[in-house]
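The structure under discussion appears below in the form of structure tokens.
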Amino acid sequence: MSEQTTTRARALATRWLGVGLAAVIAVVTLGLGITDRLTLYISPETVWFACAAAVVTLAGAIWSCTLPLGEEGDHGHDHGHGHGTEVSDDTESGSSATPRRRSLAGVGAVTGGVIASGVVIAALVLPPASLSVELAMSRAGEQSALFAGSDSVALGVADTSTFGVGDWASVFAASTNTSAYDGAPVTLTGFVTPGSGDGVNLTRLVITHCVIDAQTAALPVTVDPNDYPTGQWVEVTGTVRADSDGKLHIEPTDVVAIDEPGDPYEY
């Protein structure tokens with residue numbers, strides 16, 4: 001392989017690992033935003049910012065492709081050596097280690113490039129999906145009891161009709177006057193996970209910014225565990241009840257199995 005061919009291949013690889021991968025990510029982001037599926041990964045409030053950043057990135061990638069191949073690596077320096085320069089013995093001994101360092105750097109660059117390319121191509125090919133039920137179960141109990149984005153819930157308010165699973169999970173965990181919520185009607189949507197005793201948990205993932213910070217919110221529901229498999233999405237209509245020991249649970253009047261909603265998270 002000629003030196004010119006090697007240089008061209010190196011320049012193509014550099015461009016792919018730079019603007020190439022960035023352009024693919026930008027296209028995937030815009031595609032998810034247009035199809036209203038970007039909320040599977042980030043909160044609705046940040047969708048506009050992600051799409052705007054993707055447009056800017058794509059425009060920059062298109063512009064960079066107008067540059068001659070390899071010019072992005074040209075720093076405009078004259079790397080030639082002056083005449084009459086003597087090479088010391090130390091320089092000669094040090095230069096023997098240069099090929100080894102370059103070889104290790106090349107292996108690292110190729111490995112990183114293959115991994116990064118695989119991740120980006122997978123994002124382009126694989127269909128978007130919500131976080132798994134197994135992940136929600138593994139994260140149960142890891143975080144504090146407060147959800148709903150700002151990590152604050154107006155406890156003790158009279159109107160609880162707007163409360164979601166995350167809001168009620170905070171009430172169930174933090175309320176010191178559970179009798180105030182006894183008898184409150186609820187209509188909530190979530191998926192079934194194993195609970196303690198004779199019931200199940202109505203579970204929902206709550207995210208603040210993106211799926212990385214997803215927290216699990218779970219509410220005990222008096223439902224026969226054999227009625228619904230783990231992971232089944234349901235809509236529960238019922239009443240909040242306080243046990244004799246002060247703990248809250250949901251006593252359902254109607255439980256309907258449903259498909260996973262288009263937006264499976266709470267915020």
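Annotations for the structure displayed:
Residues are listed down the side, and each one gets a yes or a no for (1) part of a strand (DSSP E or B); (2) out of contact with any Lys or Arg (no Cβ under 6 Å at 6 or more places or on another chain); (3) over 27 Å from Pro128 (Cβ atoms); (4) modelled with pLDDT of 90 or more:
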position	(1), (2), (3), (4)
Gly156	no, yes, yes, no
Gly183	no, yes, yes, yes
Phe191	yes, yes, no, yes
Thr203	yes, yes, no, yes
Pro220	yes, yes, yes, yes
Pro252	yes, yes, yes, yes
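- Whenever a residue of the range 242-267 is over 20 Å from Leu38 (Cβ atoms), its partners that are outside any loop (DSSP other than H, G, I, E, B) and acidic (Asp, Glu), lying with C-beta atoms within less than 6 angstrom and at least six residues away or across chains, give the pairs Val256/Glu235; Ile258/Glu235.
Condition check ((1) within 29 Å of the chain's Cα centre (by Cα); (2) surrounded by fewer than 16 Cβ atoms within 10 Å (Cβ to Cβ); (3) within 23 Å of Ser43 (Cβ to Cβ); (4) in the same structural domain as Ser43 (by TED's automatic domain parsing)) across all residues:
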position	(1), (2), (3), (4)
Gly199	no, no, no, no
Thr203	yes, no, yes, no
Ile207	yes, no, yes, no
Ala214	yes, no, yes, no
Pro220	yes, no, no, no
Trp233	yes, no, yes, no
Gly238	no, no, no, no
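- Restricted to the range 1-109, the set of helices (runs of 4 or more DSSP H) holding at least 1 residues that are over 30 Å from Pro261 (Cα atoms) and modelled with pLDDT under 75 comprises 3-15, 89-95.
- Qualifying residue in the range 256-267 (condition: aliphatic (A, V, I, L, M), in a strand (DSSP E or B) and at pLDDT below 95): no
The values are calculated or read from the model by the stated rules, or taken from the named source; none is laboratory data. Treat the numbers as computed from the prediction; the structure is a model and nothing was measured. Virtual Cβ from ideal backbone geometry, glycine too; neighbours counted across all protein chains shown.
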